[in-house]
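A.B. asks: Attaching a single structure in structure tokens format; questions to follow.
The values are calculated or read from the model by the stated rules, or taken from the named source; none is laboratory data. Since this is a predicted model, take the numbers as computed values, not measurements. Please note: Cβ atoms are built from the backbone with ideal geometry, for glycine as well, and neighbour counts cover all protein chains shown.
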Amino acid sequence: MNKLLSMASFALMVAPIVAQAPNNGIAVWKSADLKAYTTTLPARMNAQKLGSQNLAPVDGNTTVMVHREASLEAEVHDNAADFDVVQSGGCTLIVGGTLKDGHSVGTGEWKGASIDGGQSFELAPGDIVNIPAKTPHQMVIPAGGQITYFLMKIPAK
């Protein structure tokens, strides 16, 4: 019964977002709806302590809500920029430099243990980040910490 109640609660929470799906390139995501993912995404976390929910695509851009409770490998996307809006929590974002021990994980997608020579930024709720295509980046989550953010993947031109 609790699982059914959880599923119903999630459906009610997502309904306003689906109802506001893009129409002629217009998309509106209300702040309260996005912040609600801070409480629903932890239940969807995988073994890497990452939970996500795809939102409606906008003009060829992928939109996702992401919740993380652990650092993952550094990454580079050859064919897409990342545009992030932090909803809750925080992390240290390392960008630029060189991907250490990089390996391909798909067409134009690279991951590595860390970044050598990058620049660090402390991210907190309300912060907005644009990471251009071909730029190494890594979110370092402190022990016991978390971050929930809106992510838009924008194809490189």
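A.B. asks: When only residues in region 101-137 that are of a type in the set (Ser, Thr, Tyr) and farther than 10 Å from VAL76 by Cα count, which is surrounded by the most Cβ atoms within 10 Å (Cβ to Cβ)?
C.D. replies: Ranking the qualifying residues of region 101-137, first place goes to SER114.
A.B. asks: Still on this structure: Given (1) in contact with a strand residue (DSSP E or B) (Cβ under 6 Å, 6 or more places away or on another chain); (2) over 18 Å from SER31 (Cβ atoms); (3) of a type outside the set (S, T, N, Q), where does VAL85 come up short, assuming only one miss?
C.D. replies: (2)
A.B. asks: Residues of region 88-117 being touching a residue at least 40 places away in the same chain (Cβ under 8 Å), in contact with a Pro (Cβ under 9 Å, 6 or more places away or on another chain) and either assigned to a loop (DSSP other than H, G, I, E, B) or of a type in the set (A, V, I, L, M, F, W, C) (or both), which ones? Steps first, please.
C.D. replies: Taking region 88-117 first, the residues touching a residue at least 40 places away in the same chain (Cβ under 8 Å) are 88-96, 113-115.
If we keep only those that are in contact with a Pro (Cβ under 9 Å, 6 or more places away or on another chain) too, we end up with 88-92, 94-96, 115.
Once the filter is applied, which keeps residues that are touching a residue at least 40 places away in the same chain (Cβ under 8 Å), in contact with a Pro (Cβ under 9 Å, 6 or more places away or on another chain) and either assigned to a loop (DSSP other than H, G, I, E, B) or of a type in the set (A, V, I, L, M, F, W, C) (or both), region 88-117 yields GLY90, CYS91, ILE94, VAL95, GLY96, ILE115.
A.B. asks: Of all residues in region 106-141, how many are β-branched (Val, Ile, Thr) and over 18 Å from the mean Cα position of the chain (by Cα)?
C.D. replies: The total comes to 2.
A.B. asks: May I pose another question? Among (1) in contact with a Lys or Arg (Cβ under 6 Å, 6 or more places away or on another chain); (2) over 13 Å from ALA133 (Cα atoms), where does ALA80 come up short?
C.D. replies: Unmet condition: (2).
A.B. asks: I need a count of the residues in region 35-62 that are on the phi > 0 side of the Ramachandran plot and small (Gly, Ala, Ser).
C.D. replies: 1
A.B. asks: Checking LEU55 against (1) of a type outside the set (Lys, Arg); (2) crowded, with 17+ Cβ neighbours inside 10 Å; (3) at pLDDT 95 or above: exactly one of these is not met. Which one?
C.D. replies: Status for LEU55: all satisfied but (3).
A.B. asks: Another one. Return yes or no: is LEU151 under 23 Å from THR39 (Cβ atoms) and in contact (Cβ under 8 Å) with a residue 60 or more places away in the chain?
C.D. replies: So LEU151 passes the test.
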